[in-house]
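The next block holds one structure in the form of structure tokens; read it before the comments.
The values are calculated or read from the model by the stated rules, or taken from the named source; none is laboratory data. Note that this is a predicted model, so its numbers are computed, not measured. With ideal geometry, Cβ positions are generated from the backbone for all residues, glycine too; neighbour counts draw on all protein chains shown. For the accessible areas, the whole protein counts, side chains as well, though only heavy atoms, and no ligand, DNA or RNA atoms are used. Shrake-Rupley method; radii C 1.70, N 1.55, O 1.52, S 1.80 Å.
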Amino acid sequence: MTDTKAVSQFIKKGISGEDIVLKSIGTQFYSYTYVADAVSGLLFVLLQGENGEAYNIADEASDIMLKDLAEVIAQVTGSKVAFEIPDKVEAAGYSKATKARLNGQKLKTLGWKPKYNIHTGLRKTINILGEIK
């Protein structure tokens, strides 16, 4: 709950019943992988991967824009999304990344498949965090 990444803050706000506030127009595009899929991907690489090779554990179907991620979290938690575009001084403190997508095709050619899509993974995460809050 202390993580400062956008997804963590969105979930925290949603669970608390607060508006999810975006400090940009939300067109940043990211890859997300549910933790259970990340672990299964790691195990798959250990068992099936080639020594010395690198593999991205990613499912392109779960790539999502920040504004859409906020909207999914808002739907699950019953909160709302608000946009508060910062001035230049405040904006200087935020990430400038606009795209951080991973290509998981190499791992998929070995036979790995994710079990959870972005919606299911977010729902499970929100439910778990809501219970322990």
| Once the Cα atoms of helix 35-48 and of the chain are each reduced to a long axis, what angle between those two axes, in degrees from 0 to 90 to the nearest 10, is obtained? | 20 degrees
| message | What would the Debye equation give as log₁₀ I(q)/I(0) for region 33-74 at q = 0.21, 0.23, 0.27, 0.34 Å⁻¹, counting only Cα atoms as equal point scatterers? | response | -0.73, -0.80, -0.95, -1.14
| task | Give the long-range amide H neighbours of residue 21: residues separated by 5 or more places, or on another chain, with amide H under 5 Å away, using H modelled in the peptide plane at 1.01 Å from N. | result | 82
| said: Using 27 Å as the Cα-Cα cut-off, could you pick out the over-long pairs in 12/113; 13/108; 23/113; 88/124; 5/124? | reply: 12/113; 13/108; 23/113; 88/124
| said: With unit charges on the beta carbons (Lys and Arg positive, Asp and Glu negative) and the dipole taken about the Cα centre of region 11-56, which residue among 52, 40, 15 sits farthest to the positive side? | reply: 15
| Nearest-10 value in Å² for the accessible area of residue 84, using the 1.4 Å probe | 90 Å²
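Give me the Kirkwood hydrodynamic radius of region 1-119 in Å, from all C-alpha pairs, to one decimal place? Don't skip to the end; give the middle numbers.
On the way: mean 1/r = 0.0633 Å⁻¹.
After inverting the mean inverse Cα-Cα distance, the result is 15.8 Å.
Once neighbouring chains are kept in place and the probe is 1.4 Å, which whole percent of the accessible area of the chain is contributed by carbon and sulfur?
Carbon-and-sulfur percentage of accessible area, whole number: 54.
About the Cα centre of the chain, how large is the charge dipole given +1 on each Lys and Arg Cβ and -1 on each Asp and Glu Cβ? Please answer in debye to the nearest 20. Please report the intermediate quantities before stating the final value.
Working: 17 positive and 15 negative charges, 11 e Å.
Magnitude of the dipole: close to 60 debye.
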